[in-house]
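J.: Starting off with a structure, shown below.
The values are calculated or read from the model by the stated rules, or taken from the named source; none is laboratory data. In this text, all values refer to a predicted model and were calculated from it rather than measured experimentally. Glycine gets a Cβ as well: all are built from the backbone with ideal geometry, and neighbour counts include every protein chain shown. Side chains included, ligands, DNA and RNA excluded: accessible areas come from the protein's heavy atoms. Shrake-Rupley method; radii C 1.70, N 1.55, O 1.52, S 1.80 Å.
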Amino acid sequence: MEHLVEHMKISYHSGHEPTCGVCKKHCRSFESLREHLIGPLPKQECKNIFSLRGCRFCMMILESPNARRIHQERCQFSSVNAGLTTRMAALGLRDKVMIDYTSSRSPKMVALSCKMVGGGSDGSLDVCARVCITDENDNVVFHTYVKPSMVVTNYRYETTGIRPENLRDAMPLKHAQRKIQEFLCNGEPMWKIRPRGGKGRILVGHGLDHDPDRLQLEYPSSMMRDTAKYPPLMKTSKLSNSLKYLTQAYLGYDIHVGIQDPYEDCVATMRLYTRMRYQKHKIEAYPLPADVQNRSNQVAWRQSEVERMSPNEMLSISRSDYYCWCLDSLA
């Protein structure tokens with residue numbers, strides 16, 4: 001019990017963590033849960049039940065094999081439209097260089113993705129040449145080629161599909177950066193933007209420490225939702241999964257087959273985000289252990305009092321050590 005108490009003090013096993021639907025074990029990530037259920041050394045009892053009634057996309061345990069079949073048909077996203085829009089993008093039919101700020105259905109959450117060409121003497125520097133923004137319903141909000149601020153030495157055509165003629169009369173980088181920043185801030189000054197109750201839009205993406213930097217875009221980290229850095233979607237606390245893998249594992253279709261389209265990346269990241277956001281977890285008044293109300297939540301308890309608690313009672317005073325995206329649905 002003494003060892004369990006010390007473990008609970010530093011581990012923060014909360015209701016926001018992925019949990020095995022069979023034995024109720026708390027896992028740090030869905031990758032850890034996947035290994036627990038179907039990995040090389042799974043828990044046999046859980047593996048047997050999951051093989052019959054488990055959804056391999058959301059890792060949920062259903063009531064029966066038939067219920068699982070029906071559920072997985074809805075749980076697996078279709079990529080039929082993605083292939084069509086990729087071909088349209090190659091023909092330049094989806095360019096949308098103006099953003100409608102006045103629309104009554106203006107999105108609160110948007111996904112952003114860029115495609116990079118190579119700059120520098122060896123073409124190794126990432127230079128933004130194309131940017132796309134979509135809303136929650138896969139609609140294109142903004143899409144344009146971007147004229148790089150330096151000479152392009154490698155167009156990386158095999159993956160980007162970008163040719164010199166696409167960038168000849170493209171929108172200047174500063175112009176694109178200003179349009180995107182104004183759209184994200186939505187008329188609110190940068191210092192006033194906050195996750196709840198404000199006008200600023202939540203920005204979703206994969207690797208948001210990279211794309212905004214190449215766009216020279218400034219935006220509060222509290223308004224960003226990065227599928228590469230979200231703990232439940234990571235391999236470990238230090239290693240991220242690729243967007244290609246996450247899309248195949250959690251959405252059920254393949255991306256980055258041939259030429260890569262930023263629209264395809266936007267759709268995938270937004271679908272991953274909404275899947276995580278709509279998870280049902282218990283509501284915690286103070287969700288993070290770093291909050292003032294929680295800093296001494298367990299440390300302040302006398303050892304003897306904590307030892308008298310059951311594991312479930314200890315779990316009830318534990319808090320997640322990351323901001324869970326399901327809390328966005330309460331905003």
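J.: Could you state the number of Å between the C-alpha centres of the range 183-244 and the range 15-58?
T.: 29 Å
J.: Distance check, please: which entries in K147/K199; K174/K244; K115/K147; K25/K282; K47/K235; K25/K235 exceed 22 angstrom between their Cα atoms?
T.: Listed pairs above 22 Å: K147/K199; K174/K244.
J.: Another one. Rounding to the nearest 10 and keeping the result within 0 to 90°, find how far the Cα-based axis of helix 44-53 lies from the longest principal axis of the chain.
T.: 50 degrees
J.: Further, regarding this structure: Mind checking which of S222, L33, G119 is farthest towards the positive end of the chain's charge dipole, using Cβ charges of +1 (Lys, Arg) and -1 (Asp, Glu) about the Cα centre?
T.: The Cα lying farthest towards the positive end belongs to L33.
J.: Output wanted: per-residue J couplings in Hz (rounded whole) for the range 175-188, from phi through Karplus 6.51 cos²θ - 1.76 cosθ + 1.60, θ = phi - 60°, x for Gly and Pro.
T.: After applying 6.51 cos²θ - 1.76 cosθ + 1.60, I find 5, 5, 4, 5, 4, 5, 5, 5, 5, 5, 5, 6, x, 9 Hz.
J.: Tell me, in nm to one decimal, what length is gained between E305 and V151 on full extension, where the rule is 0.36 nm per residue of separation less the Cα-Cα distance?
T.: Taking E305 through V151 to full extension adds about 48.8 nm, to one decimal.
J.: A follow-up question, please. Run lengths n ≥ 4 of DSSP H only: what is the helix-derived mean residue ellipticity at 222 nm for the chain, with -39500 (n - 2.57) per run over all residues, to the nearest 500?
T.: -9000 deg cm²/dmol
J.: May I pose another question? Quick one: work out Rg over Rh on the C-alpha atoms of the range 200-270, Rh as Kirkwood radius.
T.: 0.96
J.: Treating only the Cβ of Lys, Arg, Asp and Glu as charged (+1, +1, -1, -1), what charge dipole size does the chain show about its Cα centre? Round to the nearest 20 debye.
T.: Once rounded to the nearest 20, the dipole reads 460 debye.
J.: Over all directions, how big on average is the projection of the convex hull of the alpha-carbon atoms in the chain, in square nanometres?
T.: Result: a mean projected hull area of 19.9 nm².
J.: Further question: Provide the FRET efficiency to the nearest 0.05 for the H256-K280 pair, computing r from the beta carbons and using R0 = 45 Å.
T.: FRET efficiency, H256 to K280: 0.90.
J.: Sort H175, H36 by heavy-atom solvent-accessible area, probe 1.4 angstrom, most to least.
T.: These residues rank, largest area first, as H175, H36.
J.: Now a separate question. Using a 1.4 angstrom probe on heavy atoms only, work out the carbon and sulfur share of the accessible area of the range 109-278 in %.
T.: 50 percent
J.: Shifting gears a bit: What is the extension gain from A290 to Q181, computed as 0.36 nm multiplied by their sequence separation minus the C-alpha to C-alpha distance, in nm to one decimal?
T.: Extra length available between A290 and Q181 comes to 36.2 nm.
J.: To continue, here is another question. What distance in nm separates the two pseudo spin-label positions at H7 and T159, each 7 Å out from Cα along the beta-carbon direction?
T.: Result for the modelled spin labels: 4.1 nm.
J.: If r is the Cβ-Cβ distance from I317 to D169 and R0 is 51 Å, what FRET efficiency results, to the nearest 0.05?
T.: 0.25
J.: For the peptides 16-29, 237-250, what is the packing order when you average, over each peptide's residues, the other Cβ atoms within 10 Å and list the highest mean first?
T.: Put in order of decreasing packing, that is 16-29, 237-250.
J.: Let me ask you something else. By how many degrees, between 0 and 90 and to the nearest 10, does the Cα long axis of helix 65-75 differ from the longest principal axis of the chain?
T.: Helix 65-75 sits at roughly 30 degrees to that axis.
J.: In sequence order, what are the phi-derived ³J(HN,Hα) couplings for the range 156-169 according to the Karplus relation 6.51 cos²θ - 1.76 cosθ + 1.60 with θ = phi - 60°, rounded to whole Hz, with x for glycine and proline?
T.: Whole-Hz 3J(HN,Hα) from phi for the range 156-169: 6, 4, 4, 10, 8, x, 8, 10, x, 5, 5, 9, 4, 10.
J.: Per residue, how much accessible area does the chain have with a 1.4 Å probe, in Å²?
T.: Each residue of the chain exposes 52 Å² on average to a 1.4 Å probe.
J.: Based on the inverse mean of 1/r over its pairs of different Cα atoms, what is the Kirkwood hydrodynamic radius of the range 109-278, in Å?
T.: 16.6 Å
J.: Which aspartates and glutamates, on any chain, are close to K43 with Cα under 18 Å apart, when same-chain ones fewer than 8 places away are left out?
T.: E31, E35
J.: Further question: Tell me the accessible surface of C58 in square angstrom (1.4 angstrom probe, heavy atoms of protein chains only), to the nearest ten.
T.: The accessible area of C58 comes to roughly 30 Å².
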